[in-house]
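Every number in this text was worked out from the coordinates using simple rules, so none of it is lab data. None of the values given here were measured: they were computed from a predicted structure. Glycine gets a Cβ as well: all are built from the backbone with ideal geometry, and neighbour counts include every protein chain shown.
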Amino acid sequence: MEANFNPEQPNLKTAVLIDATSFPVEVSDLVFNILSQYGDIVVKRAFGNWSKPELRPWAERLALYAVVPAQRFDYPQDNAPDVDIAIEALDLLKHKKINSFALVTGSGALGRLAIRLRESGAMVFGFANSPAANGPFRTACTLFWSVEDLQSLRDNNEAPPPDEDIIQPVWESKDDDNPTTDSPSEDDISRFKELLRQAVADNEGDDGWALLSSVGSSIKLQWPSFNPADLGYKGLKNLVEDARDIVRINTASPCKVRLLDDFS
C-alpha cells in the first residue's frame, strides 16, 4: 500500500535517508531537530562506504540518533548512495506505512525520486548542499533546506527549543530587520498576502494569535520555493510586519501574528 499524506494530519511517520558521503555531518543535528518537530522518525538509514576514514565523524553521529548504517562499496562511475536511497525509498513506500520522507543528500540529484514520492501522496523534506538550492530537487520537495540554511540556523541559534512545539522557519533572521533593495513583483506580494491570511486562519489558537513559525511552515507547504529574500526582505518577520493591511504582529518570543479582522 502506498503512502497517503494528508497535509492536515498532525503526526507524520518519516523515513530519513542520508547520503553520508556527500552531506556534511556538522549540520546533521539540525536535520533531526527540524524533522522531530513534524512527527515521528520511524526509519533512519545512512548510506556510505563505512570502511573509509573520512566517514568516521558520521559513524560516531549514527549511534547518537540510532541511525542504521548501510554499507556500499565504491565502484567507478557509480553514484551508489543516490541509487540506494531511491531503492530504499520506493521499498518503504510500497511495504511500510510511511507517509513522509527526508532525503538528505549532497548532490541534489534526487528530484525525480521526490516527484515520484509526492505523486504517491507522501510529504518530502529535502536537505542538500547549496548548489542544489536552485535546482529541480528543491522545487520537487514539499519543504527544502540547503546546507547554508542549516548553517544560518545554527550560527544564529535559531534551532527550535527542544521543549517548544514550534518549528523555526529556515529563512527567518533575527538580526536583519530591514528590507533589501530588490523590488518584489506585485503578483508575488499578492500571492504572499493571500497565503498569509489563510495560514494565520489555519494556525490561530483560541486567543486568535498564531505562531509565526507555524504560519511560515504553512506558507512553505503551499509555496515550496517561497523565500522572503525573493520579495526583497531579509526575513519572514520583516515581510509580515509590512503586511499591516491584513495582520498585526507581536514580536515577543515566540513571535505571533493575528489577522487584522479579528481586532474589529
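Data table
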| quantity | calculated |
| --- | --- |
| Rg to Rh, two decimals, where segment 186-263 supplies the alpha carbon set and Rh follows Kirkwood | 0.92 |
| Local net charge near residue 48, Cβ-Cβ under 9 Å (Lys/Arg +1, Asp/Glu -1) | +1 |
| Residue 51 paired with residue 189, simple spin-label distance in nm, labels 7 Å along Cα-to-beta-carbon | 6.1 nm |
| Rel. contact order, % - alpha carbon contacts under 8 angstrom, at least six apart, segment 186-263 | 33 percent |
| Sequence-distant lysines (8 or more away, or on other chains) whose Cα lies within less than 26 Å of residue 256 | 174, 193, 220, 234, 237 |
| Shape call, segment 19-107: gyration tensor on alpha carbons, a/c limit 1.5 | oblate |
